[in-house]
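Okay, so here's the structure we're looking at.
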Amino acid sequence: MRRFVQINYGPWDRLDDDAPFVEGIGPRPPGARFYPPDMTREEFERADLPGKSSLYTLIRRDAAGALTVLPYHQAYRPELERIAAKLREAASVATDAGFRRYLELRAQALLDDDYRPSDMAWMDMKTSPIDVVIGPIESYQDALFGTKTAYEAFVLVKDVAWSERLARFAQHLPALQRGLPVPDAYKREMPGTDADLNAYFALYYGGDANAGAKTIAINLPNDETVQLEKGSRRLQLENTMRAKFDAILVPIARELIAEDQQAQITFDAFFDNVMFHEVAHGLGIKNTLDGKGTVREALTDLASGYEEGKADILGLYMIGALGRLGELDADKLPDHYVTFLAGLFRSVRFGASSAHGQANMVAFNFLREAGAFSRDAASGRYRVDVERMRAAVDALSAKILTLQGDGDYAGAKALRDSLGRIEPELAGDLARLEQRRIPVDIVLTQGRAQLGL
């Protein structure tokens, strides 16, 4: 029990729709303690509080019971001062000038919650063989509004050889943006070309990054202003990726994919699908067409799920487009499609409480209804139809990009409610994976001993 609490960073199973596994604990608060547990959405929306929707504030009650705002850098001051001191200590011995500047600015950001200068410095950090990602970054834990971020950390070492192979793709982002299968208004924002793609070996995960499912790639910064000016960095965590491919994806494919398509399940296709998922975060639109704010602000609690869904499907679009440009082997597109389908089975097992799980469930049902794949009733195995998959990828891309650009919360909720569910047939197939004891995710063995310290 103690170990399972450590794995989940709490008493709720993150890979089982946050089901409580400690007797008497009750359901997980949607606001995850970022907000008072008795606060309603209506009360929050009525409150005239500067900074209430900031990524870096907690909502609390004062002595009179009224809502008040507490910045992270005040709420967690003792811990943040310790972390900032460690980052400055690391900066003092860093040999790469860009890495040193980033560490110094990130230390300051932790103490004042102004992360944009350090995000810019991180984007300029091109030559360091070591990377540290740290701070309140992702908002997946806030199921109430999808706004408040949770602290996490990664320690990474660059795979220089792989990174050199990936570097050339960033230059194609403007052309890929122009080619998106939507009207011009939904692709008028041009992504920055200062983005880069790199492969890393992950040495350490901490905080939100280590709670429940383990990410296999990073796409940051999330700041829309930085993305539009500088682009973003996509970090592929290849040792984590390889572990999930070998221990989870391949066994799933053996159970659920048509036997004559199993040869198309390849690590190269899995790596590409993950990589271009991260690249695709930089495509599409960040601000709604009505000029009233960002897509994140318009879609609130649905924003993360739709952003992950967009990245999944646009990643496949990009692979096809780059094949037509001669940058990828066009003959390998079926491998990417079949591997993607196997990847959907892997990801939907993360559950409806996960933004990735929700996104993959919508994609699975949309593609199924479009005839992109079929299921053989006798064998219970799935087969991809390459041509129908190609058309369905464009159709789903257009659907998601339009909902985001319009800031259409009602439409986004309706699509999620209609397609973001596991039907009995799929539930039975997923139960077969449980019976085969195929794990849902990996657990990391890490710490001072693993680092030789």
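The values are calculated or read from the model by the stated rules, or taken from the named source; none is laboratory data. No experiment lies behind these values; they were computed from the predicted model shown. FYI the Cβ positions are ideal-geometry reconstructions off the backbone, even for glycines, and counts take in every protein chain you see.
If you take the residues of the stretch 108-117 that are part of a loop (DSSP other than H, G, I, E, B) and surrounded by 15 or more Cβ atoms within 10 Å (Cβ to Cβ), which of them is nearest to the chain's Cα centre (by Cα)? Working first, answer last.
Here is the first cut: in the stretch 108-117, the ones part of a loop (DSSP other than H, G, I, E, B) are 113-115.
Restricting the remaining residues to those that are surrounded by 15 or more Cβ atoms within 10 Å (Cβ to Cβ) gives 113, 115.
Details: D113: 22, Y115: 19 Å.
Filtering first and then ranking leaves Y115.
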_Single match in L70, L58 (criterion: in contact with a helix residue (DSSP H, G or I) (Cβ under 8 Å, 6 or more places away or on another chain) and under 20 Å from L144 (Cβ atoms))_ = L58
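Examine the stretch 330-341 for a residue that is outside any helix (DSSP H, G or I) and among the small types (G, A, S), and state whether such a residue exists.
Let us first name the residues in the stretch 330-341 that are outside any helix (DSSP H, G or I), namely none.
Scanning the stretch 330-341, I find no residue that is outside any helix (DSSP H, G or I) and among the small types (G, A, S), so the answer is no.
Here are L156, L197, L144, L176: which of them is of a type outside the set (S, T, Y) and in contact with a Pro (Cβ under 8 Å, 6 or more places away or on another chain)?
On the way: L156 fails: in contact with a Pro (Cβ under 8 Å, 6 or more places away or on another chain); L197 fails: in contact with a Pro (Cβ under 8 Å, 6 or more places away or on another chain); L176 fails: in contact with a Pro (Cβ under 8 Å, 6 or more places away or on another chain).
Of L156, L197, L144, L176, the one residue that is of a type outside the set (S, T, Y) and in contact with a Pro (Cβ under 8 Å, 6 or more places away or on another chain) is L144.
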*Of these, V69, V5, which one is under 30 Å from I422 (Cβ atoms) and among the hydrophobic types (A, V, I, L, M, F, W, C)?*
V5
*asked:* Can you name every one of the helices (runs of 4 or more DSSP H) wholly within the stretch 1-107 that holds 3 or more residues which are in contact (Cβ under 8 Å) with a residue 12 or more places away in the chain and closer than 28 Å to F154 by Cα?
replied: 2-8, 72-75, 77-93
*asked:* Any residue at all in the stretch 19-26 that's at pLDDT 95 or above, surrounded by 12 or more Cβ atoms within 10 Å (Cβ to Cβ), more than 30 Å from R421 (Cβ to Cβ) and not aromatic (F, W, Y)?
replied: no
*Scan the stretch 273-281 and give yes if some residue there is farther than 19 Å from M123 by Cα and among the aromatic types (F, W, Y), otherwise no.*
no
*Hits in the stretch 139-157 (condition: modelled with pLDDT of 95 or more and in contact with an Asp or Glu (Cβ under 7 Å, 6 or more places away or on another chain))*: K148, T149, A150, Y151, E152, L156
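With the structure loaded, tell me whether R3 is at pLDDT below 95, loosely packed, with under 14 Cβ neighbours inside 10 Å and within 28 Å of the chain's Cα centre (by Cα) or whether it fails that test.
Numbers: at pLDDT below 95: yes; loosely packed, with under 14 Cβ neighbours inside 10 Å: yes; within 28 Å of the chain's Cα centre (by Cα): yes.
The answer is yes for R3.
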*asked:* Restricting to the stretch 278-292, give me the number of residues that are in contact with a strand residue (DSSP E or B) (Cβ under 7 Å, 6 or more places away or on another chain), not in a strand (DSSP E or B) and not β-branched (V, I, T).
replied: 3
*Out of all the residues in the stretch 391-430, which are surrounded by fewer than 16 Cβ atoms within 10 Å (Cβ to Cβ) and basic (K, R)?*
K413, R421
*State all residues of the stretch 316-329 that are in contact with an Asp or Glu (Cβ under 8 Å, 6 or more places away or on another chain) and either assigned to a helix (DSSP H, G or I) or without any contact (Cβ under 8 Å) to a residue 24 or more places away in the chain (or both); if no residue qualifies, say none.*
Y317, I319, G323
*Consider G407 against the criteria (1) under 21 Å from D260 (Cα atoms); (2) under 22 Å from the mean Cα position of the chain (by Cα); (3) in contact (Cβ under 8 Å) with a residue 40 or more places away in the chain: it satisfies all of them except one. Which criterion is unmet?*
(1)
*Just need a number here: residues in the stretch 239-257 that are assigned to a helix (DSSP H, G or I) and more than 16 Å from A209 (Cβ to Cβ).*
13
_Candidates I248, I313, I319 - the one that is hydrophobic (A, V, I, L, M, F, W, C), touching a Lys or Arg at 6+ places or on another chain (Cβ under 7 Å) and closer than 25 Å to R381 by Cβ_ = I248
